[in-house]
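One structure is given here, and the rest of the page talks about it.
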Amino acid sequence: MNTFTNKLLGGKQGAIGLAVLAAIILVVLPLGLDPFRIGMVGKYLTYAFVAVSLVMLWGYGGILSLGQGIFFGLGGYCMAMFLKLEASDPISTKIQTTPGIPDFMDWNQITALPMMWQPFHSFTLTLLAVVLVPTLFAYIIGFAMFKRRVGGVYFAIITQAIALILSILIVGQQGYTGGVNGITDLRTLLGWDIRTDHAKYILYYINAFLLIAVILVSRYILSSKFGMLLLAMRDKEERVRFSGYDVSNFKIFIFCFAALISALGGAMFTLQVGFMSPSFIGIVPSIEMVIFAAVGGRMSLIGAVYGALLVNYGKSVFSETYPELWLYLMGGLFIAVVMFFPNGLAGIYTDLMKKFQSRKAKPLPAKVEVEAVAVVVEKTESEPIITSEPAGAKA
């Protein structure tokens, strides 16, 4: 295995873990679930993007963000704006006062498409916006905070406040954003109906392959010199700074990278579910996203995916079975994991592997050791001892 492949796969153990994950999400789940359930799992996988981003940001970078829903929502809104414009052609909206604009704009007496919506007529510009808008926004936040050495709990609270402000802003600008209802009734992507069962499977596989690609890129980054500096920065930030590195630039980069990953998840969420609303941007969803990473293991990229799947599956089961108690059950699950399994699912797996290896390397019983020594002594006495000393050398 060459150096590049080793960095990409994370060594033998990393390759095995990734292969198992790929087998589960690409083979086992699609074969065992109906289209409705596969759509739900596809939605869960979009949250896994955010969980992976938090492993990079929080687990390895030591930067706890309670506002990852910001970037998830921005990516989702960019994709939703393109889909909404495609669904709002003049023929489909001919009953409106102003045909050719989204229905919620017509309801709010807006008579022309706003300038901020114009680029989203192009699918290419939309894809660029999904990547650039959240990353640029993260750069502005990161530059303002990290250059002033704002970190720790203060940074977490500020990102939480920004998430709340952005969700309030989106709700307040109903004529431009759809308000509290969000952007709904999304039907086609470049003329392709995304609501059919066949489309759900295709989008599911696109989502899964994109998630695996994100994990591979993240592993490559963590195995590079930057990854080592990231860990050093997390544990001994002042020492890294005194070594001549600009710590703020590292923090800005990893924060922007995490925002980019979250935005990809948001865009896929919009395609998978068919709508986007401000309820995915506020404080509550951002905290839930931290729970995904904590349950899976904040130092494990693959564990974050399992954490997102497990927590969201539990959320669905609890909300269906105990609609009045499911929030308490979810909180109890998080508290139990943090108290008894601080390293999450990945930590449980690591502990089991260590126990297995320790049993495998268990020392021989005393009787067997004595017999083995006796055999060695007997063999030594029956054969001449060969040394590497030259002839005539003193013993």
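Can you list which of the trypsin sites (Lys or Arg not before Pro) found in the range 213-318 are DSSP loop residues with at most 15 other C-beta atoms within 10 Å? Walk me through the numbers before you get to the answer.
Working: sites: 219, 225, 234, 236, 239, 241, 251, 298, 315; in loops: 236, 298.
When the trypsin sites (Lys or Arg not before Pro) of the range 213-318 are filtered for loop state and at most 15 Cβ neighbours within 10 Å, 236 remain.
Over the chain, what is the relative contact order in whole percent, taking alpha-carbon pairs under 8 Å and six or more residues apart?
For the chain, the relative contact order is 30 percent.
Which angle between 0 and 90 degrees, to the nearest 10, do you get for helix 326-340 versus the longest principal axis of the chain when only C-alpha atoms count?
The helix 326-340 is inclined about 20 degrees to the chain.
Once every Cα of the range 24-170 carries one equal point scatterer and solvent is ignored, give the base-10 log of I(q)/I(0) from the Debye formula at q = 0.16, 0.17 Å⁻¹, two decimals.
Each listed q maps to, in turn, -1.03, -1.08.
Just want the answer: with Cβ charges of +1 for Lys and Arg and -1 for Asp and Glu, which residue in 268, 278, 301 is farthest toward the dipole's positive end in the range 3-342?
Result: 301.
What does the charge count around residue 326 come to, taking other residues whose C-beta lies under 15 Å from its C-beta (Lys +1, Arg +1, Asp -1, Glu -1)?
Details: positive: 315; negative: 288, 320, 324.
So the surrounding residues net to -2.
With only Lys, Arg, Asp and Glu charged, each at its Cβ (+1 for the first two, -1 for the last two), find how big the charge dipole of the range 185-286 is about the Cα centre; round to the nearest 20 debye. Could the numbers behind the result be given before it?
Working: 10 positive and 7 negative charges, 57 e Å.
Rounded to the nearest 20 debye, it is 280 debye.
Taking θ = phi - 60°, what integer Hz values does the Karplus form 6.51 cos²θ - 1.76 cosθ + 1.60 yield along the range 155-171, in sequence order, with x for Gly and Pro?
5, 4, 5, 5, 5, 5, 5, 5, 4, 5, 4, 5, 5, 5, 4, 5, 5
Quick one: which of 12/355; 43/236; 84/147; 43/84; 251/315; 200/315 span more than 29 angstrom between C-alpha atoms? Display every interim value, and only then the final one.
Details: 12/355 19 Å; 43/236 38 Å; 84/147 38 Å; 43/84 20 Å; 251/315 32 Å; 200/315 21 Å.
Beyond 29 Å between Cα atoms: 43/236; 84/147; 251/315.
Under the rule of at least 5 residues apart or a separate chain, name every residue whose amide H is placed under 5 Å from the amide H of residue 188.
194
How large is the charge dipole for the range 166-238, taken about the Cα centre, if only the Cβ atoms of Lys, Arg (+1) and Asp, Glu (-1) carry charge, to the nearest 20 debye? Working shown, then result.
Working: 7 positive and 6 negative charges, 35 e Å.
Dipole magnitude for the range 166-238 comes out near 160 debye.
With unit charges on the beta carbons (Lys and Arg positive, Asp and Glu negative) and the dipole taken about the Cα centre of the chain, which residue among 247, 71, 27 sits farthest to the positive side?
The one lying farthest along the dipole's positive direction is 247.
Give the Cα extents of the chain along the principal axes, in whole Å, largest first.
Computed over the chain, the largest-to-smallest principal extents equal 110, 53, 42 Å.
Extending each Cα 7 Å along its Cβ direction at residue 213 and residue 143, get the distance between those two points in nm, one decimal.
Label-label distance for residue 213 and residue 143, simple model: 2.8 nm.
Can you give me the distance in nm between label points at residue 348 and residue 235, each placed 7 Å from the Cα along the Cα-to-Cβ direction?
Reported label-point gap for residue 348 and residue 235 is 2.7 nm.
Apply the Karplus parameterisation 6.51 cos²θ - 1.76 cosθ + 1.60, with θ equal to phi minus 60°, to every residue of the range 96-104 and state each ³J(HN,Hα) to the nearest whole Hz, in sequence, with x for glycine and proline.
Values, residue by residue: 6, 4, 10, x, x, 10, x, 4, 5 Hz.
Of 127, 332, 155, which is farthest towards the positive pole of the chain's charge dipole, taken about the Cα centre with +1 and -1 on the beta-carbons of Lys, Arg and Asp, Glu respectively?
Positive-most Cα among the choices belongs to 155.
Once R0 is set to 41 Å, what does the formula 1/(1 + (r/R0)^6) return for the Cβ-Cβ distance between residue 287 and residue 198, expressed as a FRET efficiency to the nearest 0.05? Kindly include the intermediate steps, with their values, before the conclusion.
Details: r = 36 Å, r/R0 = 0.87.
E(calc), rounded to 0.05, equals 0.70.
Contour minus end-to-end for residue 340 and residue 153, with contour as 0.36 nm per residue of separation and end-to-end as the Cα-Cα distance?
Numbers: separation 187, 0.36 × 187 = 67.32 nm, distance 2.35 nm.
The span from residue 340 to residue 153 would gain 65.0 nm if fully extended.
Please state the charge dipole magnitude for the chain, taken about the Cα centre, from unit charges on C-beta atoms (+1 on K and R, -1 on D and E), reported in debye and rounded to the nearest 20.
On the way: 29 positive and 22 negative charges, 168 e Å.
Dipole magnitude for the chain comes out near 800 debye.
Under Stokes-Einstein, with the Kirkwood radius over Cα pairs standing in for Rh, what whole-number D in µm²/s applies to the range 29-72 at 20 °C and 1.002 mPa s? If you can, show how the numbers build up before the last one.
On the way: Rh = 11.9 Å.
Estimated via Stokes-Einstein, D reaches 180 µm²/s.
Can you pull the one-decimal nm distance between simple spin-label points at residue 28 and residue 110, each 7 Å off the Cα toward Cβ?
So the two model labels end up 4.6 nm from each other.
FYI, it's all coordinate maths here, none of it is from the lab. Small disclaimer: the values here were computed from a predicted structure and weren't measured. Here the Cβ is made from the backbone with ideal geometry for all residues, glycine too, and neighbour counts use every protein chain on show.
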